[in-house]
Structures are given as structure tokens and as C-alpha cells.
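**Q** Just passing along the structure, written as C-alpha cells.
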Amino acid sequence: MATIKQLITDGENALPDSDSARLDAELLLSVVIAKPRSWLYTWPDHIPALPEQHLYLELIRRRQAGEPVAYMMGRKEFWDLQLKINHDVLIPRPDTELLVETALAKLPEDESIRVADLGTGSGAIALALASGRDNWQLIATDQSARALDLAQENAKNLDIKNISFFQGSWLAPLSGLTFDAILSNPPYIEKNDPHLQRGDVRFEPVHALISEENGLADIHHIISNSPSFLTPSGWLMLEHGYQQGEQVRQLFAAFSYSEIETLRDLAGHERITIGRKKDAR
Ligand code: GLN
């Protein structure tokens with residue numbers, strides 16, 4: 001007959017390996033009893049029904065085995081949006097918000113520009129931009145039909161209308177179109193990277209994480225193909241691994257982009273590289 005307070009303490013103590021044990025426990029309990037997290041603080045002495053207590057303990061056990069909270073909850077906050085998430089897509093990361101921030105800072109706020117998000121997954125990047133700039137037109141692609149279904153569902157739930165979706169690999173479904181900016185957070189992890197054995201990534205779709213050529217194959221593909229899809233001086237903005245900055249800048253240079261620049265994430269790591277298509281004057 002445990003109280004809310006007791007269940008949270010027990011959950012927290014059961015998760016010594018998580019660096020957010022208390023938050024994990026609170027989120028899982030709140031989803032089980034279908035109340036916001038703040039409710040847990042208002043009613044610490046409430047005793048949830050037994051089936052709810054059992055379900056909660058089961059989720060704590062799954063968390064102990066490493067399963068990400070976002071997959072168990074079926075949602076994740078990104079930018080200021082609540083996104084539905086499932087095993088077909090990567091869990092959106094705070095690092096990726098830097099890509100959104102950069103696009104908002106560099107691209108003209110008042111013009112009705114066209115922006116592509118390649119490999120949109122849950123739709124995180126495209127939806128954040130579409131919601132922040134209702135005069136921009138967002139085009140999101142993904143090769144996974146299931147990912148695209150989820151991204152479309154997210155657009156519908158959030159009532160975001162200035163976005164359209166195309167199924168296919170990277171730029172392939174966009175032939176004949178041009179964009180003022182192309183953005184992507186492509187897979188960029190090298191297949192033998194030991195990080196793949198730890199944490200959330202063990203539960204995420206492998207095709208959203210791993211890329212050939214030491215993690216650079218998809219980045220290379222996007223950099224080399226984007227110029228034909230960019231308007232003159234159009235921007236390409238890519239997320240990449242924290243040790244890939246130099247190689248990614250070299251690729252931008254090899255394909256004649258200008259104004260090449262790398263930005264650092266909150267941890268101080270090189271994370272986003274941007275460049276502009278050379279003006280064909
Ligand atoms: N664009 C999505 C995100 O940033 C998916 C990225 C991916 O699957 N590599 O969350």
C-alpha cells in the first residue's frame with residue numbers, strides 16, 4: 001500500500017545507474033496514473049490502485065534494463081513541442097535544438113521561404129521550425145513510411161499545417177524542387193563505435209544511427225547532392241558527431257560551399273556545420 005512519495009523514492013533507489021533517476025521515476029509514475037508530474041507533488045500521500053503500482057514497478061524494471069523513458073512514455077519534449085515517439089524513430093535530442101536555433105537565427109523571418117528537413121524521423125526539426133515560422137513552408141522526407149506516418153500524426157496533433165511530407169531517401173523524392181535551406185540530422189555514428197553498446201541508443205533504430213565511411217557516408221551524400229536542390233546562396237545545415245567537425249568542413253569545402261562554419265552544442269562540442277551554396281554569378 002505505497003504512497004506516491006514512497007513509490008517515487010523506491011523507483012529512484014532502484015535506478016542507481018540512471019543520471020536522472022528521480023525524474024525517470026516521476027515521469028513513469030505520472031504516465032501510469034495519467035496525471036501531470038506536478039500532481040505528484042500536490043498529492044504525495046495518495047495511494048495509487050494496485051494494478052497501477054504493479055505497472056509502475058514493471059516500468060521501473062524495464063528502465064533498470066536500460067529502456068529509454070521516452071519510449072515507455074511514448075512521447076518526448078523537443079523545442080516547445082510534445083512529440084509522440086515510438087521505436088520507428090530516434091528519440092529527439094536537446095543537441096538537435098541547436099540546429100533549429102541556427103536555422104531561426106540565419107534564415108529570414110519575414111520571407112516565405114522553403115526549407116527541407118531530410119530524414120525527419122518523428123518530425124522534430126521540421127515541426128519546430130514550422131511552428132515557429134508560420135510563413136515558412138517545410139518539406140520533410142524520410143525513407144521509412146512508418147517514421148513518416150508518425151511525423152504526420154505529430155503535425156496533426158500539434159495542428160501544424162505549413163509542412164508537407166515525402167517518402168524516400170534524402171533528396172530523392174524532391175526532384176525538381178529547390179529550397180532556401182536544407183537541414184538534416186542524419187545517422188553519423190561509425191558502426192564499431194563503443195557508444196552503441198551503452199544507454200538509449202541500444203533501443204533506437206540502427207538505420208537512424210549508423211552510417212558507412214566512418215559515419216560520414218550519409219553526410220557526404222547530402223553535401224554532394226544538395227547544391228542542385230538549393231537556391232543561389234541557399235543554406236545547408238547539418239548535425240554531426242562531436243569529432244567530425246573538421247572532416248565535415250572539408251566536405252563542405254570540397255563541394256564549393258561558402259561561409260562554412262561549425263557551431264558548438266551546450267557541452268561545448270562541435271555539433272552543427274553550415275555553409276551556403278556559392279552564388280553562380
Ligand atoms: N531528424 C530526426 C531528429 O533529429 C531524426 C534523426 C535521425 O533519425 N537520425 O530527431
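The values are calculated or read from the model by the stated rules, or taken from the named source; none is laboratory data. The structure displayed is predicted, hence computed values, not measured ones. Note that each Cβ is placed from the backbone with ideal geometry, even for glycine, and that neighbours are counted across all protein chains shown.
**Q** Check LEU183 against each of (1) away from the ligand (no atom under 14 Å from the Cβ); (2) of a type in the set (A, V, I, L, M); (3) crowded, with 20+ Cβ neighbours inside 10 Å; (4) not in a helix (DSSP H, G or I) and name the one condition it does not meet.
**A** (1)
**Q** Kindly indicate whether ASP200 is assigned to a helix (DSSP H, G or I), of a type outside the set (S, T, N, Q), touching a residue at least 24 places away in the same chain (Cβ under 8 Å) and within 16 Å of the ligand (Cβ to nearest atom).
**A** yes
**Q** Examine segment 128-143 for a residue that is farther than 16 Å from PRO186 by Cα, under 13 Å from the mean Cα position of the chain (by Cα) and within 10 Å of the ligand (Cβ to nearest atom), and state whether such a residue exists.
**A** Taking every residue of segment 128-143 in turn, at least one turns out to be farther than 16 Å from PRO186 by Cα, under 13 Å from the mean Cα position of the chain (by Cα) and within 10 Å of the ligand (Cβ to nearest atom).
**Q** Could you give every pair whose Cβ atoms fall below 8 Å, whose first residue belongs to segment 8-27 and is closer than 17 Å to ASP200 by Cβ, and whose second residue is part of a loop (DSSP other than H, G, I, E, B) and polar (S, T, N, Q), counting only separations of at least 6 or pairs across chains?
**A** Cβ pairs passing all conditions: ASP24/SER18.
**Q** Out of HIS195, HIS207, HIS221, HIS269, I need the residue that is surrounded by fewer than 17 Cβ atoms within 10 Å (Cβ to Cβ), within 30 Å of ASN86 (Cα to Cα) and at pLDDT 95 or above. Which one?
**A** Checking each option against the conditions leaves just HIS269.
**Q** Consider segment 153-180. How many of its residues are outside any strand (DSSP E or B) and surrounded by 16 or more Cβ atoms within 10 Å (Cβ to Cβ)?
**A** 9
**Q** Let me ask something additional. Restricted to segment 1-38, and to residues that are part of a helix (DSSP H, G or I), surrounded by fewer than 15 Cβ atoms within 10 Å (Cβ to Cβ) and touching a helix residue (DSSP H, G or I) at 6+ places or on another chain (Cβ under 7 Å), which residue is modelled with the lowest pLDDT?
**A** Top of the filtered list is ARG37.
**Q** Right, next: Just checking, how many residues over segment 219-267 are within 15 Å of the ligand (Cβ to nearest atom), assigned to a helix (DSSP H, G or I) and in contact (Cβ under 8 Å) with a residue 60 or more places away in the chain?
**A** 1
**Q** I've got another one for you. Please go through (1) closer than 25 Å to GLY66 by Cβ; (2) more than 20 Å from the chain's Cα centre (by Cα); (3) among the charged types (D, E, K, R) for GLU204 and return the number of the only condition it doesn't satisfy.
**A** All conditions pass for GLU204, except number (2).
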